[in-house]
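A.B. asks: Can you keep this structure in mind? I'll have questions shortly.
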Amino acid sequence: RICGIEEYEYPENTWDCVVSNLALHYIEKIENVFQNVYKTLKPGGIFLFNIEHPVFTAGVGQDWIYTEAGKPQHWPVDNYFMPGERNTHFLGCEVVKQHHTLTQILMGLLKNGFTLEAVEEAKPPEEMMDIPGMKDELRRPMMLLVKAAVKK
C-alpha cells in the first residue's frame, strides 16, 4: 500500500517488525506514529528506525558555519527545546522537516509501551576518514538509530 505514515491503518497485532528509514523527522506528531506502530506489532515485535539526530535538525539551515576560507567552523544548534517545523535547504532542495528533541523521541517510545533495546548515534567508520569532509562528520551527530521492542 502506498500512503503516508499518518494514513496507514496499522492493523492490530499483525507485524513482527516495523522499519522506518529517514522518515520520522518529517512527521509533526511523532508520538502518534509510536502509538500506531506499537499497536500494529505482535508481542515481542521490533521497531527499528533511523532519524536525523535532534542536534542535526535543531539548526534552521542544517549547514555548518564556515570560516572566511570556507572551512567548517562549527555546527549551529539553535532553539533546540522548541520542537516543530524547520524550513531548510537540504541536498539542493527546499525541505520542511520537523524537529523533535531526544527526550521527545525516547520518552515518546517509553510512554507508549516500548522497551529500548539499542540507541546509537551513528558515525562514519574509520575506513571512510580519507573521504573529503568525512572527518567533520565526527564533530556532531547526524543520525540517530533506535531499536525498540514490544514486551512479550
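A.B. asks: State which residue pairs qualify: first residue more than 21 Å from Asn87 (Cβ to Cβ) and inside segment 59-74, second residue among the hydrophobic types (A, V, I, L, M, F, W, C) and outside any loop (DSSP other than H, G, I, E, B) in any location, beta carbons under 8 Å apart, and separation of 6 or more residues or different chains.
C.D. replies: Pro72/Ile65; Gln73/Ile65; His74/Ile65
A.B. asks: Starting from segment 13-25, take each residue that is open to solvent by 70 Å² or more (accessible area, probe 1.4 Å) and list its partners that are among the hydroxyl-bearing types (Ser, Thr, Tyr), counting only C-beta distances under 8 angstrom and pairs at least six apart or across chains.
C.D. replies: What qualifies is Asn13/Thr40; Trp15/Thr40.
A.B. asks: Pick from segment 61-76 the residues that are in a loop (DSSP other than H, G, I, E, B) and either within 16 Å of the chain's Cα centre (by Cα) or loosely packed, with under 12 Cβ neighbours inside 10 Å (or both): which of them is modelled with the lowest pLDDT?
C.D. replies: Among those that are in a loop (DSSP other than H, G, I, E, B) and either within 16 Å of the chain's Cα centre (by Cα) or loosely packed, with under 12 Cβ neighbours inside 10 Å (or both), it is Gln62.
A.B. asks: Further question: Among residues belonging to segment 100-128 that are of a type in the set (Val, Ile, Thr) and in a strand (DSSP E or B), point out the one that is surrounded by the most Cβ atoms within 10 Å (Cβ to Cβ).
C.D. replies: Val119
A.B. asks: Quick one: would you say Phe81 is of a type in the set (A, V, I, L, M, F, W, C), surrounded by 12 or more Cβ atoms within 10 Å (Cβ to Cβ) and touching a residue at least 12 places away in the same chain (Cβ under 8 Å)?
C.D. replies: No.
A.B. asks: Shifting gears a bit: If you check Thr115 against the conditions, is it touching a residue at least 12 places away in the same chain (Cβ under 8 Å), within 25 Å of Cys17 (Cα to Cα) and of a type in the set (Ser, Thr, Tyr)?
C.D. replies: yes
The values are calculated or read from the model by the stated rules, or taken from the named source; none is laboratory data. Just so it is clear, the model here is predicted, and its values are computed rather than measured. Cβ coordinates were reconstructed from backbone atoms using ideal geometry, including for glycine residues, and neighbour counts include every protein chain displayed. Keep in mind that these areas ignore ligands, DNA and RNA; they rest on the heavy atoms of the full protein, side chains included. Shrake-Rupley method; radii C 1.70, N 1.55, O 1.52, S 1.80 Å.
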